Amino acid sequence: MRTVKAYAAQDSKAPIAATTISRRDLKEHDVQVEILYCGICHSDIHTARNEWGGSTIYPVVPGHEIVGTVKAVGNGVKRFKVGETVGVGVMVDTCRTCNNCKSDYEQYCENGMTGTYNAQERDGSGMITMGGYSAEIVTDENYVLRVNETDNLAGVAPLLCAGITTYSPLKFADVKAGMKVAVVGLGGLGHMAVKFAVAFGAEVTVISTSESKVKEASKLGAHHFIYAKDAAAVKSVDSTFDVVLDAISADHDYTPYLNLLKLHGKLLVVGLPEHQPKVLPFSLIKNRRSIIGSGIGSIKETQEMLDFCHENKIFADVETISADKINEAYERMIKGDIKYRFVIDMSTL
Ligand code: NAP
Ligand code: ZN
Ligand code: ZN
């Protein structure tokens with residue numbers, strides 16, 4: 001065991017504060033990663049503040065948008081070498097034997113995937129996983145991603161969650177040229193959804209509760225912008241979209257967004273607010289609309305997404321902060337005051 005620096009929440013009301021944690025000695029297939037950057041996902045806030053039905057185990061070290069350098073590898077590691085740049089995302093293990101695991105859908109492991117933080121390790125050690133707000137992480141090589149990018153690694157880190165979480169459902173919905181896509185909730189996930197939908201050739205509309213984001217939406221490549229609180233403007237695009245991607249972090253109803261879908265349109269839900277949303281069945285039946293939930297992506301698809309971003313020069317738009325600014329970053333995210341992802345520079349630990 002090694003003791004490493006980290007930032008943790010000790011309970012749901014406590015700020016994220018400096019601490020130390022233990023990282024395991026390398027097992028045969030383990031990769032030891034020195035963390036360079038870690039993005040701040042809204043899921044970190046939901047977890048640190050215990051907003052998902054009391055599921056948080058304290059102390060919790062959040063962070064699942066990790067980019068770093070391989071420092072050491074276990075004896076059996078074949079896929080990575082010391083000195084390489086790698087990523088770790090939202091999941092660090094799965095059962096590897098169920099149907100979903102065997103068909104590259106291991107994020108939907110029938111026995112539950114092991115999250116990068118706030119999850120029980122599968123090795124029987126009883127240890128709880130600790131995330132990327134730390135100097136290093138030790139992870140099985142099968143859940144480590146290759147990062148071919150050399151520049152702007154801070155802009156790569158959010159791809160490990162915000163990137164794959166939006167890439168995967170847009171691919172599943174087969175978004176392509178000729179399709180109209182709306183993105184609601186222009187935050188960390190939403191801004192990546194815009195970039196991907198544009199890259200896939202769709203006509204993209206941002207629907208945002210922040211009127212001030214109109215200029216940035218266009219800079220991100222969106223073709224149209226609608227202020228979500230302008231009911232008449234929202235109504236004017238009723239039944240016009242093939243796909244609406246919902247990346248809203250706060251409680252809201254699905255019905256107004258369902259109403260935007262044309263025949264066979266799909267509401268892709270990735271946002272995970274605390275409370276249950278309302279859905280009006282009449283809005284679902286009209287146009288035979290569907291609601292599709294989506295959780296991150298498999299390791300295979302995450303690698304495909306990272307390679308796609310490398311080829312197409314797609315990065316997250318980030319504001320890099322020092323570790324002592326995490327609590328301030330949380331407050332600013334809740335107010336929507338971020339364009340579009342905070343990333344912690346781990347050299348400030
Ligand atoms: P974020 O950066 O904080 O962005 C959330 C956005 O939601 C805000 O920028 C804002 O966009 C919108 N919003 C906030 N309050 C709102 C309100 N009261 N009404 C309507 N819109 C509101 O969050 P994120 O990191 O992108 O995460 C978004 C959600 O996805 C979170 O719930 C997170 O837990 C979840 N998530 C899910 C997965 C998955 O696998 N499915 C993975 C990662 C994260 P506008 O200003 O444009 O309105
Ligand atoms: Zn996340
Ligand atoms: Zn499984």
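The values are calculated or read from the model by the stated rules, or taken from the named source; none is laboratory data. Keep in mind it's a predicted model, so treat the numbers as computed, not measured. Ideal geometry is used to build each Cβ from the backbone, glycine not excepted, and the neighbour counts take in all protein chains shown. All accessible areas refer to the heavy atoms of the entire protein, side chains included, with ligands and DNA or RNA removed. Shrake-Rupley method; radii C 1.70, N 1.55, O 1.52, S 1.80 Å.
Data overview
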{"item": "Along principal axes, Cα extents of the range 287-349, largest first, whole Å", "result": "46, 32, 19"}
{"item": "Cα-Cα over 23 Å, subset of Lys215/Lys313; Lys229/Lys339; Lys78/Lys313; Lys13/Lys195; Lys215/Lys300", "result": "Lys78/Lys313; Lys13/Lys195; Lys215/Lys300"}
{"item": "Label-point separation in nm, His264 to Asp174, each point 7 Å along Cα→Cβ", "result": "0.7 nm"}
{"item": "Accessible-area composition of the range 163-293, carbon plus sulfur, in percent [1.4 Å probe]", "result": "57 percent"}
{"item": "Phi-based couplings in Hz for the range 203-219 (Karplus 6.51, -1.76, 1.60; Gly and Pro marked x)", "result": "8, 10, 10, 9, 10, 10, 7, 10, 4, 5, 8, 4, 5, 5, 4, 6, 4"}
{"item": "In degrees, nearest ten, helix 162-172 long axis to first principal axis of the chain (Cα)", "result": "50 degrees"}
{"item": "The chain: antiparallel DSSP beta bridges as a percent of all, rounded to 5", "result": "55 percent"}
{"item": "Helix-only [θ]222 nm of the chain, DSSP H runs n ≥ 4, -39500 (n - 2.57) each, per residue, nearest 500", "result": "-6000 deg cm²/dmol"}
{"item": "Average projected area [Cα convex hull, the range 163-293], square nanometres", "result": "6.9 nm²"}
{"item": "Sequence ranges 277-285, 41-49, ranked by mean other-Cβ count within 10 angstrom, highest first", "result": "41-49, 277-285"}
{"item": "Acute angle (nearest 10 degrees) that the helix 188-199 long axis makes with the longest principal axis of the chain, alpha-carbon atoms", "result": "70 degrees"}
{"item": "Projected area averaged over orientations for the range 240-286, convex hull of C-alpha atoms, nm²", "result": "2.9 nm²"}
{"item": "Contour minus Cα-Cα distance for Glu328 and Leu272 (0.36 nm per residue)", "result": "18.0 nm"}
{"item": "Distant-in-sequence amide H partners of Leu268 (H built 1.01 Å from N, under 5 Å)", "result": "Val244, Leu245, Asp246, Ile292"}
{"item": "Residues with amide H under 5 Å from that of Phe225, placed H, sequence gap 5 or more", "result": "Val206"}
{"item": "Interchain or long-range residues, amide H under 5 Å from Tyr254's placed H", "result": "Lys278"}
{"item": "Mean projection area, nm², convex hull over Cα of the chain", "result": "16.6 nm²"}
{"item": "Pair Met127, Asn75: separation of 7 Å Cα→Cβ label points (nm)", "result": "1.8 nm"}
{"item": "Solvent-accessible area per residue, Å², over the chain with all protein chains present [probe radius 1.4 Å]", "result": "43 Å²"}
